[in-house]
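The values are calculated or read from the model by the stated rules, or taken from the named source; none is laboratory data. Fair warning: this is a prediction, and the values are worked out from it, not measured in the lab. Glycine also receives a Cβ, built like all others from the backbone with ideal geometry; neighbour counts cover every protein chain displayed. These accessible areas exclude ligands, DNA and RNA; they are computed on the full protein's heavy atoms, side chains included. Shrake-Rupley method; radii C 1.70, N 1.55, O 1.52, S 1.80 Å.
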Amino acid sequence: MAKPSVVQDYRHPQPGTTSTFTVDEKIRREVWNNGIKKPKGYTVSYHANPEMEQMHFGQKHPMKPWRLTLTNKIVMAYGMHDAMDIYIPRAASSQELKDFHSGDYIDFLQRVTPSDNTWDPDSQTYAYNTGDDCPIFDGLYNYCSLYAGASLDAARKLTNHQSDIAINWSGGLHHAKKAEASGFCYINDIVLAILQLLLHHPRVLYIDIDVHHGDGVEQAFWSTDRVMTLSFHKYNRAEFFPGTGALDTTGPLNNASPGAHHSLNVPLHDGIEDAQYIKLFEDIVRPCVRHYKPTAIVLQCGADSLGGDRLGCFNVNIKAHGACVAFVKKFNLPLLVLGGGGYTPRNVAKAWAYETSLCIGAEVHPNLPAHTPFLEHFGNEKTLFPKLDLTRYENKNSRVYLESVVMGIMEQLRYLQGAPSVQMQHIPPDLGGLRDDLEREFFEETEERERSRRKKERRG
């Protein structure tokens, strides 16, 4: 009897005949099971730089770039990347950042080091509002230029018609001002991206569903009718950051200013529920689009508006949050989708992964794939849709109150004399200077009218 050969040819098992799939084979299976494929009739691009995920604000700081790692791992575990154009964007240059931010502020961010963390009123750290909520950490400038670069890249893909929906979950940092950090935000990537869009689009609608008011974006475009800002947020002037965004804050008070009635705010109380949130969002966004007629939309998807968030106070679940993305997508306008706040990383990652699936039109199954990296981080909640009601807030948003908010927004929209018609030209990067010029012109015109009125009265 012949002895079997010691060396035998290895035969690779066929897919489906063994449970020892490679990760790639498991992802292929997810793609097949979820029917994930390139959307028909439109293109989705996904902008993510892995360097961002390595940044660290500090052990006790609520902002965790780690949430981006979890988001990207879930997106790839489902195989959603198969349906999108994936880009690793470059960092924004200092000159690109200076298109909105002051040169001195950018120069400060470039040279500052963690040893400069101080709250001395005479220091630049104090002057630029860094060192407390906005700590100085290793790699700060690189962090800022990376997330801003991703938003700029996404905006350019839209204006070049390379994409119809562009996603950057690292962006959406809406509190940063022209020469000041604020609310964990150092560079306002949203403003920079909108400036890019305005080079090609006459009107941009900015929608913000972060639990905090989008004050930095509102302030940047306060005096122009080229951008309408619409923010849904918790409002309490004395007790909730940033204390701005009242219903009657709608832009410059004088109707002669182009920006009058173009800054819309939806102030909410604690504990708003899913059905209320979805209805309110649709009842307000629909007429805003109808009246303003934007040619592009920027949607900031801050996930601190989810229930159970470390810094939030709403009772909104992931599907309700995602319903806002799905509704905006239906307008079939160029759409820039950004991240924002969100301080319970496991829930942030699930929300943004789900909203990615909505952008590509895929219906993924709720159970996180077993091969998802860091799956143990999700504990017993290995589902895309956990119940976010472990910490519930009393719902203080009555039907009457929400109806009054909708009526207030409708009143502001009635002031609009149709969509503004603009001559396409270069957008002045110094929006602060532009605002000053407009206000100066307005006061000069007002004084001239007043002089003419007095002259007529004397003659009479």
Reported set for the range 256-269 where residues are of a type in the set (Ser, Thr, Tyr) and either within 16 Å of Val298 (Cβ to Cβ) or open to solvent by 30 Å² or more (accessible area, probe 1.4 Å) (or both) is Ser263
Would you call Pro345 closer than 30 Å to Leu199 by Cα, open to solvent by less than 30 Å² (accessible area, probe 1.4 Å) and touching a Lys or Arg at 6+ places or on another chain (Cβ under 6 Å)?
no
Residue by residue through the range 219-255, note down the ones that are in a loop (DSSP other than H, G, I, E, B), under 19 Å from Ser182 (Cα atoms), open to solvent by 20 Å² or more (accessible area, probe 1.4 Å) and in contact with a Leu (Cβ under 9 Å, 6 or more places away or on another chain).
Trp222, Tyr235, Phe241
Taking the range 35-70 as the region of interest, how many residues are in a loop (DSSP other than H, G, I, E, B), open to solvent by 50 Å² or more (accessible area, probe 1.4 Å) and charged (D, E, K, R)?
4
Among the residues of the range 295-305, is there at least one that is in contact with a Ser or Thr (Cβ under 8 Å, 6 or more places away or on another chain), hydroxyl-bearing (Ser, Thr, Tyr) and open to solvent by 10 Å² or more (accessible area, probe 1.4 Å)?
no
For the subset of the range 136-162 comprising residues that are touching a Pro at 6+ places or on another chain (Cβ under 8 Å) and outside any helix (DSSP H, G or I), which member is farthest from Thr71 (Cα to Cα)?
Ile136
Tell me, please, whether a residue that is over 30 Å from Gly361 (Cβ atoms), of a type outside the set (S, T, N, Q), in contact with a Lys or Arg (Cβ under 8 Å, 6 or more places away or on another chain) and touching a residue at least 40 places away in the same chain (Cβ under 8 Å) can be found in the range 95-102.
yes
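Inspect the range 309-332 for any residue being among the small types (Gly, Ala, Ser), over 19 Å from the mean Cα position of the chain (by Cα) and either at pLDDT below 95 or open to solvent by 10 Å² or more (accessible area, probe 1.4 Å) (or both) and give the result as yes or no.
Taking every residue of the range 309-332 in turn, none turns out to be among the small types (Gly, Ala, Ser), over 19 Å from the mean Cα position of the chain (by Cα) and either at pLDDT below 95 or open to solvent by 10 Å² or more (accessible area, probe 1.4 Å) (or both).
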Is there a residue in the range 24-38 that is modelled with pLDDT of 95 or more, more than 20 Å from His377 (Cβ to Cβ) and among the aromatic types (Phe, Trp, Tyr)?
no
Taking the range 87-137 and keeping residues touching a helix residue (DSSP H, G or I) at 6+ places or on another chain (Cβ under 6 Å), under 18 Å from Gln54 (Cα atoms) and open to solvent by 80 Å² or more (accessible area, probe 1.4 Å) leaves Arg90
